[in-house]
1. How big is the dipole moment of the stretch 182-261 about its Cα centre under a simple scheme where the beta carbon of each Lys and Arg is +1, that of each Asp and Glu is -1, and everything else is neutral? Debye, nearest 20, please.
2. In whole angstrom, note down how far apart the Cα centers of the stretch 47-86 and the stretch 99-132 are.
3. I need the per residue convex hull volume for the stretch 282-385, using only the alpha carbons, in cubic angstrom as a whole number.
4. Restricting to the chain, what percent of DSSP beta bridges are antiparallel, rounded to 5?
5. Let me see the P(r) profile for the chain: every Cα-Cα distance counted, bins of 20 Å, each bin given as a percent of all pairs.
6. If you take every residue apart from D35 with its C-beta less than 9 Å away from the C-beta of D35, what net charge results, scoring Lys and Arg +1 and Asp and Glu -1?
7. Which of the helices in the chain, when you take each full DSSP H run, stretch at least 15 Å along the axis at their Cα atoms and have an average Kyte-Doolittle score of 0.5 or higher?
8. How high is the relative contact order of the stretch 93-230? Use alpha-carbon pairs under 8 Å, at least six apart in sequence, and give a whole percent.
Amino acid sequence: MLPFLRNDLVELAAYKPQLGIGVASQISPAPTQSDKLDTNESPYDLPIALKEKLAWTYKELIKTNRYPDGGHSLLKQAISEYINESANLSSNVFVSNNISLGNGSDELIRSILISTCLGGNGSVLVAQPTFSMYGILAQALGIPVVSVPRNSENFEIDLQAASEAIAKTQKPPIRTVFVVHPNSPTANCLTTAELEWLRSLPQDILVVIDEAYFEFSQNTLASELSQHPNWIILRTFSKGFRLAAMRVGYSISHPEVTAILEKVRLPYNLPSFSIAAALIAIQNRSLLLECVSQTNNERLKLIKNLSQYSEFEIFESAANFVFLRLKTQLGEEKNTALTNLHKELKSSGTLIRLTGGGLRITVGSPSENVRTLERFQKAYNNLEL
Ligand SMILES: *Cc1c(COP(=O)(O)O)cnc(C)c1O
């Protein structure tokens, strides 16, 4: 390797971006024809009326020769209204100085790591399986990642292991704990015991609560945030708001935390077009979020249908995906069987994720879900169980 590159980055397994879909061939060379149910995107594009609004904004208001609004002022204001409304809080609880915007919440995760752990200041704690970007971004910054397991039945974090990890991790100590509410890939919300544990963590540890799937779960810790200056909530426009292409995420936190995140981010992290898209989405939220209940209904159907396979265990979900795995008594052939199933679904045209010892399937459109079940049946018939 070239001698000026960091050695530890050779070992780093990067996030593998999936092939884009529905993108004009001028933009992406080989858009896949498959049902793309592997990245938990919404199956629904922005309604055409809103796309036209956005196109109008682009044509009339955005000057491509000018830098974007680096302070994101209008968007922050609109988002704080949405947060207060969605957590039934009065309109002045969260305001612009509680909000920071990122190029996807991925950027915010990195800003958090820079703000808390970089330079030997801290390690991060995660419970596996969980969203992979926490570990990947931490490693890219040379930040140690401490992993603890989850209960194998309900995926609750092994809280004893987590407390022990915090007690014994010294150089550097745990500064940041990442949890997802509901977790990906296992789809479960934080339990009462997990919440109690998060409330009990000392003030010198930042607790990151990733609510990427809030629009589906309607479960938020926003109303408790003001009591915990060491908590930060992450949300994204990539899932329920149907804007994965635009790369907009936001954080909600104590103003002091927000101020630091604002310092460490790139000055013009959001393109003007993305700012305009997020603004239109949030202003038209009741229209856009109508499809959330359809997705939740489709999820129930998927769960009900997949429950018929007695060799599989399928879990309750509070998000736009479902998680299933083979029952444990099947022993060692389990992984081969899952790998084969995943492969066969892929070659029949349904992309899902093989992760966390199971399969994670995004809830798609009704016709995609019908195909998922048909193809699953076929692949299942070919399995040797
Ligand atoms: C999808 C997802 C995100 C969103 O990432 P963006 O960068 O905003 O697209 C964040 N956290 C979790 C757990 C996710 O599943």
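1. Details: 5 positive and 8 negative charges, 78 e Å.
For the stretch 182-261, the charge dipole is close to 380 debye.
2. The two parts, judged by their Cα centres, are 26 Å apart.
3. Dividing the Cα hull volume of the stretch 282-385 by its residues yields 103 Å³.
4. 55 percent
5. Taking all Cα pairs of the chain, the binned fractions are 26, 58, 15, 0 percent.
6. Numbers: positive: K36, R371, R375; negative: E368.
Net charge in that neighbourhood comes out at +2.
7. Qualifying helices, which must be both long enough and hydrophobic enough, are 272-283.
8. Computed over the stretch 93-230, the figure is 22 percent.
Each value in this text was obtained by applying a stated rule to the coordinates, not by laboratory testing. Everything quoted here is computed from the prediction, not taken from an experiment. Glycine also receives a Cβ, built like all others from the backbone with ideal geometry; neighbour counts cover every protein chain displayed.
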